[in-house]
Amino acid sequence: GDGATKAAKKIGSALLGIGKAAITAGATTVSAMATASVKMYADYEQNIGGVETLFKDAAGTVEQFANNAFKTAGLSANQYMETVTGFSARLLQGLGGDTEKAAQIGNMAVEDMSDNVNKMGVSMESVQNAYQGFAKQNYQMLDNLHLGYGQGQAEMARLINDSGVLGDTMQVTADTVNSVSFDKIVEAIHKVQEGMGITGTTAKEAATTISGSARMMRASWDNLLTGLGSGDEIDELINNLVDSIKTFGQNAIPVFKSAFKGLAEVVTELAPIIAAELPQ
């Protein structure tokens, strides 16, 4: 009886300790989520303000692209808007202020950037820096894209000519490349990547690979945290996250099963050897 009582007290004390730890951990997690949500929503306010200033009537189109970027580009809405506003002023200049067309080509550029990152294994930062350089007529980072072209004006001219986006209107040289508008440069890169089978790989990987679906899942989680700041469209953001988790599970679980099966076979093979050698 005394032993049972002492055991019960120990179990009760342990459970109480676990309960307190769980409450503390839960409170810490909620606090961290709230802090992250406030920061992300503050960033969102800044980003959407920039989009509205630059794209005016087409701001809604850009926002829609941003909300879907977790699937199409593996980026959160904030990351998408930060990326597209980095070169949109130059894009609008080349398009004579056509905001709707700028929104479409800007989206193509961001998706091309993500496809390049996924296919070539380079960092998004290096590709972003390259595009921002192109917008300023600086072509020294063209080789960041790993498309078979080197640095400088002559290599960018070669890429544009190879793409065929200008047709027979002009043969671009190192001396005339700065006369090509930024939107045409974006289209040229798109054509080259399309010819190399790079285009569309981000969306495909998001649906079929572990790393791609993990990026999609992370981006949808960031979108949910941002959405908590406004309280708008929470149901849709939760559904996006759930769908992303399901996709990740579909891609990852078969690999885990295969890994565990292989591990079991390894253990089975090694066990007799280990048992024989262990006494020594």
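The values are calculated or read from the model by the stated rules, or taken from the named source; none is laboratory data. Worth saying up front: this structure is predicted, and the values here are computed from it rather than measured. Here the Cβ positions follow ideal geometry from the backbone for every residue, glycine too, while neighbour counts run over all protein chains shown. Note: accessible area is taken over every heavy atom of the protein model, side chains too, but ligands, DNA and RNA are not part of it. Shrake-Rupley method; radii C 1.70, N 1.55, O 1.52, S 1.80 Å.
The table that follows gives values for the structure above.
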quantity: Helix-only mean residue ellipticity at 222 nm for the chain, each DSSP H run of n ≥ 4 adding -39500 (n - 2.57), per residue, nearest 500; calculated: -26500 deg cm²/dmol
quantity: Prolate/oblate/rounded label for the chain (Cα gyration tensor, a/c 1.5); calculated: oblate
quantity: Inter-probe distance in nm under a simple model that places probes 7 Å from Cα toward Cβ, at Asp243 and Ala32; calculated: 2.8
quantity: FRET E, pair Ser179, Leu278, Förster distance 45 Å, beta-carbon r, rounded to 0.05; calculated: 0.05
quantity: Phi-based couplings in Hz for the range 110-126 (Karplus 6.51, -1.76, 1.60; Gly and Pro marked x); calculated: 5, 5, 5, 4, 5, 4, 5, 4, 5, 7, 9, x, 8, 7, 4, 4, 5
quantity: Percent RCO, i.e. relative contact order, over the chain, from Cα pairs under 8 Å lying at least 6 residues apart; calculated: 19
quantity: Accessible area per residue, Å², the chain with all protein chains present, probe 1.4 Å; calculated: 54
quantity: Heavy-atom accessible surface of the range 26-93: percent carbon and sulfur, 1.4 Å; calculated: 55
quantity: Cross-link partners of Lys257 among lysines (Cα-Cα below 17 Å; sequence separation of 8 or more within a chain); calculated: Lys246
quantity: Karplus (6.51, -1.76, 1.60) ³J(HN,Hα), θ = phi - 60°, over the range 23-34, in Hz, Gly and Pro reported as x; calculated: 5, 4, 4, x, 5, 4, 5, 4, 4, 5, 5, 5
quantity: Apportionment of accessible area to carbon and sulfur, the range 164-280, percent (1.4 Å); calculated: 60
quantity: Under-19-angstrom lysine pairs by C-alpha in the range 106-221, whenever the two are 8 or more apart or on separate chains; calculated: 4
quantity: Length-normalised contact order for the range 133-275 - Cα pairs under 8 Å, 6+ apart - percent; calculated: 14
quantity: Solvent accessible area, Å² - Thr169, 1.4 Å probe, full protein context; calculated: 110
